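Since every read-out is calculated from the coordinates, none of them should be taken as a lab result. Predicted model only: the values in this text are computed from it and were never measured. Glycine also receives a Cβ, built like all others from the backbone with ideal geometry; neighbour counts cover every protein chain displayed.
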Amino acid sequence: MAILWGAMWCMVALLVLYFFVVVTGPSVWDRLLAINLIAFKVTIIIVLFASIYDSAFLLDAAIIYTLSGFIGTIFIALFFSKKEKKKIQKQDKKKEKKSIWRVY
């Protein structure tokens, strides 16, 4: 039982580190990865609680939380990838307008 509580506190310590990465991450993709890891660690904590308290209901909640975290990460990644593509296209148009020599 003490091993499970120790593992849970280790996961909580990792959560604090991942929150730090979310706040100060160097790029959007690093922050997205940290959010995904936070969701995964919360799932592990829920599973540890379920094993400590012998509750099958918590396992169902962990599965639902994992699926929603995965789907949320996919949608956020798609949003930022589309946003990044538009940004690159705008930069290409600006370069095209600035160039003196145009190829027709």
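Overview of values
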{"item": "Of the criteria (1) in a helix (DSSP H, G or I); (2) over 23 Å from ILE3 (Cβ atoms); (3) out of contact with any helix residue (DSSP H, G or I) (no Cβ under 9 Å at 6 or more places or on another chain), which one PRO26 fails", "result": "(1)"}
{"item": "Restricting the stretch 19-55 to residues that are over 20 Å from ILE71 (Cα atoms) and buried (at least 17 other Cβ atoms within 10 Å of the Cβ), the residue that is farthest from the chain's Cα centre (by Cα)", "result": "ALA50"}
{"item": "Complete set of residues in the stretch 19-46 that are without any contact (Cβ under 8 Å) to a residue 40 or more places away in the chain, closer than 23 Å to ALA61 by Cα and not aromatic (Phe, Trp, Tyr)", "result": "LEU33, ALA34, ASN36, LEU37, ILE38, ALA39, LYS41, VAL42, THR43, ILE44, ILE45, ILE46"}
{"item": "Whichever residue in the stretch 6-18 is surrounded by fewer than 16 Cβ atoms within 10 Å (Cβ to Cβ) and without any contact (Cβ under 8 Å) to a residue 24 or more places away in the chain and, among such residues, is farthest from LYS83 (Cα to Cα)", "result": "GLY6"}
{"item": "Where a residue in the stretch 47-75 is in contact (Cβ under 8 Å) with a residue 40 or more places away in the chain and its partner, wherever it lies, is among the polar types (S, T, N, Q), with Cβ under 8 Å and at least six apart", "result": "PHE49/SER55; THR73/ASN36"}
